[in-house]
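J.: Would you mind keeping the following structure in view while I ask a few things?
The values are calculated or read from the model by the stated rules, or taken from the named source; none is laboratory data. Owing to the predicted nature of the structure, the values given are computational and were not obtained by experimental measurement. Backbone-built Cβ (ideal geometry, glycine too); neighbour counts: all protein chains shown.
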């Protein structure tokens with residue numbers, strides 16, 4: 001790594017992203033895969049320029065507790081597939097009805113709604129195939145089952161989908177700040193936190209370290225969503241790859257709408273500081289996690 | 001069991017169905033579950049009068065190889081949740097666009113398309129939570145991971161969703177019999193066969209018995225779909241709970257359309273005979289599986 005934190009982070013993220021992209025390309029192959037339309041639709045969104053934040057957090061957490069990035073790679077990829085499926089389904093006309101994401105037409109605009117639903121379903125299902133398939137790697141079977149159990153919990157009724165359901169139910173209604181907090185913690189933070197936990201569990205982390213990583217994850221997860229809300233208000237559409245201001249038009253409840261832009265930025269910064277403070281006892285092994293926490297609030301897309 | 005095969009089967013199915021319903025009610029609870037709309041939508045379809053064929057096959061396979069029904073119950077329920085999610089998504093306007101199923105309005109007609117997509121997603125995800133959660137039961141962890149791996153494989157790209165994608169892609173087109181066979185084997189038979197295999201794997205079945213159950217499953221699975229096609233042509237709408245003749249209206253390729261009604265019925269009977277012949281060496285423990293095979297072609301809905 002170079003000396004400047006910003007350069008260090010960029011280099012680190014680029015290397016990791018390339019590693020994840022290569023693994024995903026191998027695990028969800030394009031050529032000669034049948035049925036072609038289904039694979040094409042799934043791969044369209046899987047390789048649409050995602051930041052690979054969840055897999056990178058998963059690998060960084062494994063390394064922070066003494067494991068290796070390679071050992072948790074299928075899990076890291078599974079988390080990205082779960083994230084991608086949730087974006088495909090969230091963009092559907094019956095949900096957020098978004099035509100663009102990351103500067104490209106959304107999945108259903110290209111492949112039709114039916115195939116978009118199926119591509120999402122297939123990515124979600126295949127994530128669990130990859131996870132269970134790790135039974136022949138060196139990982140302890142009980143740890144693997146615990147990781148699968150946590151990922152399914154935090155992606156389902158009581159996690160990501162629960163958050164999205166409350167979000168869907170709240171559109172156009174006046175909601176209280178507690179409800180917005182529920183949405184953010186479940187829709188976004190749950191999968192971010194479980195990405196860290198799964199990586200650490202598979203690397204055999206001790207309970208007190210898992211706890212610290214959980215606190216780190218919950219804090220950066222909430223900060224991440226607040227920054228999303230802020231970028232929606234004042235981000236550059238060219239950088240974001242989609243229209244900004246859409247939350248306001250749709251009267252979607254956002255953090256800045258409740259507390260004002262400045263307070264929202266202050267809160268996000270405070271959450272990141274809190275997150276980083278939970279990593280103290282990890283030493284140098286958690287350096288990437290510290291850099292990643294700062295990236296959460298400094299990103300522009 | 002009584003003496004008449006028909007009565008025996010009815011009693012057996014009723015008892016098993018009640019057992020599965022009770023377990024599902026406990027595993028996907030309604031009261032005080034949050035978010036309420038999501039649970040309500042998921043439970044609406046989960047308790048819409050399904051035959052519970054896949055869980056019953058899973059339990060019967062476990063018993064056929066010396067295990068117990070209770071030990072595989074969470075897996076049996078997970079299979080029903082996967083089946084239910086696939087029905088919710090298949091009924092969506094962008095897919096089969098069905099307004100009724102089992103005599104009730106389909107999920108999206110009651111809860112809206114967005115919530116129907118999410119309810120399906122949540123049932124699929126929660127199925128894997130239930131499966132992984134079996135790590136604290138007596139089952140061998142390696143067997144459990146193998147079962148999860150197989151279920152995810154047969155529900156995903158290379159199984160049920162693959163079949164549905166080809167089906168969706170084929171609507172309104174002229175397809176060859178091989179394509180229809182692919183659709184039937186993947187869309188329907190794959191989950192039926194893996195229901196049997198998962199139950200047997202969790203009960204510690206030997207490889208040669210797994211093989212026999214796989215052949216049994218592939219045969220009754222294909223027979224099941226052919227009977228579905230036949231019922232769609234000549235079934236009683238009042239018994240079916242949905243309009244019949246819809247496949248013809250939609251120009252959907254069906255087995256009877258390719259070979260004629262009589263040949264289709266003959267084929268289904270042949271498949272069931274073949275399935276039953278694979279159970280010879282199981283003795284009395286496979287009696288329910290023999291009865292179930294006959295039920296596949298004798299059912300009227």
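J.: Return the residues of the range B:250-284 that are loosely packed, with under 15 Cβ neighbours inside 10 Å, in contact (Cβ under 8 Å) with a residue 40 or more places away in the chain and farther than 19 Å from residue B:184 by Cβ; say none if nothing qualifies.
T.: B:281 - this is the single residue of the range B:250-284 that is loosely packed, with under 15 Cβ neighbours inside 10 Å, in contact (Cβ under 8 Å) with a residue 40 or more places away in the chain and farther than 19 Å from residue B:184 by Cβ.
J.: Among (1) modelled with pLDDT under 90; (2) part of a helix (DSSP H, G or I), where does residue B:242 come up short?
T.: With respect to (1) modelled with pLDDT under 90; (2) part of a helix (DSSP H, G or I), residue B:242 is out only on (2).
J.: Filter the range A:22-42 down to the residues that are touching a helix residue (DSSP H, G or I) at 6+ places or on another chain (Cβ under 7 Å) and more than 9 Å from chain B (Cβ to nearest Cβ) and list them by number.
T.: Scanning the range A:22-42 gives A:23, A:24, A:27, A:30.
J.: Of the numbered conditions (1) in contact (Cβ under 8 Å) with a residue 24 or more places away in the chain; (2) at the interface with another protein chain (Cβ under 8 Å from one of its Cβ atoms); (3) surrounded by 21 or more Cβ atoms within 10 Å (Cβ to Cβ); (4) under 30 Å from residue A:147 (Cβ atoms), residue B:168 satisfies every one except a single condition; which is it?
T.: Every listed condition holds for residue B:168 apart from (4).
J.: Next question, about the same structure. Assess whether residue B:196 counts as being facing another protein chain (nearest Cβ under 8 Å), on the phi < 0 side of the Ramachandran plot and crowded, with 19+ Cβ neighbours inside 10 Å.
T.: no
J.: What number goes with the only condition from (1) touching a residue at least 60 places away in the same chain (Cβ under 8 Å); (2) in a helix (DSSP H, G or I) that residue B:186 does not pass?
T.: Among (1) touching a residue at least 60 places away in the same chain (Cβ under 8 Å); (2) in a helix (DSSP H, G or I), the lone unmet condition for residue B:186 is (1).
J.: Can you report the number of residues in the range B:277-289 which are more than 17 Å from residue B:299 (Cα to Cα) and in a helix (DSSP H, G or I)?
T.: 9
J.: So is residue B:94 surrounded by fewer than 22 Cβ atoms within 10 Å (Cβ to Cβ) and either in a helix (DSSP H, G or I) or within 8 Å of chain A (Cβ to nearest Cβ) (or both) or not?
T.: When the stated conditions are applied, residue B:94 passes them.
J.: Considering (1) surrounded by fewer than 16 Cβ atoms within 10 Å (Cβ to Cβ); (2) within 14 Å of another protein chain (Cβ to nearest Cβ); (3) assigned to a helix (DSSP H, G or I), say which one residue B:82 fails and leave the rest.
T.: For residue B:82, the exception is condition (1).
J.: Given the criteria under 21 Å from the mean Cα position of the chain (by Cα), more than 11 Å from chain B (Cβ to nearest Cβ) and touching a residue at least 24 places away in the same chain (Cβ under 8 Å), does residue A:73 qualify?
T.: When the stated conditions are applied, residue A:73 passes them.
J.: How many of the residues making up the range A:204-221 are within 15 Å of residue A:58 (Cβ to Cβ) and crowded, with 24+ Cβ neighbours inside 10 Å?
T.: Looking only at that region, the number is 5.
J.: In addition: Hey, among B:161, B:151, B:175, which residue is assigned to a helix (DSSP H, G or I) and either surrounded by fewer than 21 Cβ atoms within 10 Å (Cβ to Cβ) or more than 7 Å from chain A (Cβ to nearest Cβ) (or both)?
T.: B:151
J.: Quick one: in the range B:111-145, which of the residues that are more than 7 Å from chain A (Cβ to nearest Cβ), in a helix (DSSP H, G or I) and surrounded by fewer than 24 Cβ atoms within 10 Å (Cβ to Cβ) is modelled with the lowest pLDDT?
T.: B:136
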